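Have a look at the structure below, then the notes.
The values are calculated or read from the model by the stated rules, or taken from the named source; none is laboratory data. Since this is a predicted model, take the numbers as computed values, not measurements. So basically every Cβ, Gly included, is an ideal-geometry build from the backbone, and we count neighbours across all protein chains shown. Just the protein is used for accessible areas: all its heavy atoms, side chains included, with ligands, DNA and RNA removed. Shrake-Rupley method; radii C 1.70, N 1.55, O 1.52, S 1.80 Å.
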Amino acid sequence: MRIKRAITVGALLLMSASLTACGGDEGNSDGDGKAGSPGLPDAADMASIEQFMNKYTSCTGLTPGDEYDDSALRDKDPAWGEDLDNDLPDWGIKERAVCRDAYHDSNTLVLVSDMKKFQAKLKAGNYSGLLAGKDFLVEPGDDQTVKELKASGLKYLSCDPGLHLPSGYKQEPALVEGCVLTDYFPAEI
């Protein structure tokens, strides 16, 4: 009986040490312009973001941002960043695309090469309403899509100094002072 208890206590100590070792550097940048929050999902390309989205919501008809902006859909349902196409590198954006959700709204997907640069531009331009992964962002086109993405691990990125969180929600610093990542998704994103 003592041997079994000793093994159990030893296993618990080992598990505790392993969990502590994995904790580490929450909220820190890893030096390459990507958000350092260890729980954020990441993506290598637009296909990866599209696959990620389809795990939680609908993302069909993926179209490059400039093509979407030139389509008839733009007039009915403009995508986030349509005015940025010539300035994408200045924002640290590698690529922008749009897909449609099940509610016939556009979701803008943004692959970011430098998240710190993006956040600085976001703060300076007083933009808000984006959900952030480690190296990509999503601007959901519908409140129902926002609800569906709550379980995805994305965080709400805000540089709004007036953002007030209800109790129980977590907030951590983003890469730019004055910007935060939170698990609180406002009613309207």
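Points worth noting:
- Which of Asp69, Asp160 is most accessible, then next, and so on - probe 1.4 Å: Asp160, Asp69
- Reciprocal of mean inverse Cα separation for segment 41-168 (Kirkwood radius, Å): 14.8 Å
- Percent accessible area from carbon and sulfur atoms, segment 47-124, protein chains only, probe 1.4 Å: 45 percent
- Efficiency of FRET between His104 and Glu177 - r from beta-carbon atoms, R0 35 angstrom, step 0.05: 0.35
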